[in-house]
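Working notes, structure below.
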Amino acid sequence: MVTTIMLDKDVLDMLQEESRLRETSFRSTLNDVIREGLAAAGQRRSHAATFRVKPRSMGLRLGLSDDSISKLIELGEGEGAR
C-alpha cells in the first residue's frame with residue numbers, strides 16, 4: 001500500500017540513522033519501528049496497573065452517631081443545609 005506521511009525533521013533523522021545502522025531500506029525500517037512501537041503500546045495497555053482503593057474505617061468522633069444522617073449533615077455543612 002502506498003500512503004503519504006509527514007514526519008518531523010527529528011523523526012526523519014532518527015529513522016534514517018536507524019535504517020543505516022540496521023542496513024535495511026528506509027521503508028523496511030519504518031515498518032519495523034512502527035510494528036515495535038505498536039507491540040510495546042499493546043503490552044503497556046495489557047499490563048496497566050488496576051487502581052484499587054483500600055478502604056479503612058475512619059470511625060466517628062466521640063459523641064457522634066450515624067443514627068441521624070441529617071444531624072451529621074447539619075454538623076458538617078451548617079444549619080439549613082437541607
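The values are calculated or read from the model by the stated rules, or taken from the named source; none is laboratory data. Everything numeric here is computed off the predicted structure, so don't read it as measured data. Cβ sites come from the backbone with ideal geometry, for glycine too, and all protein chains shown count toward neighbours.
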Quick one: count up the residues across segment 52-75 that are at pLDDT 80 or above, of a type outside the set (K, R) and exposed (fewer than 10 other Cβ atoms within 10 Å of the Cβ).
3
Residue identified as outside any loop (DSSP other than H, G, I, E, B), basic (K, R), loosely packed, with under 10 Cβ neighbours inside 10 Å and without any contact (Cβ under 8 Å) to a residue 40 or more places away in the chain among R20, R27
R27
Which one is surrounded by the fewest Cβ atoms within 10 Å (Cβ to Cβ), of the residues in segment 30-51 that are among the hydrophobic types (A, V, I, L, M, F, W, C) and touching a helix residue (DSSP H, G or I) at 6+ places or on another chain (Cβ under 8 Å)?
V33
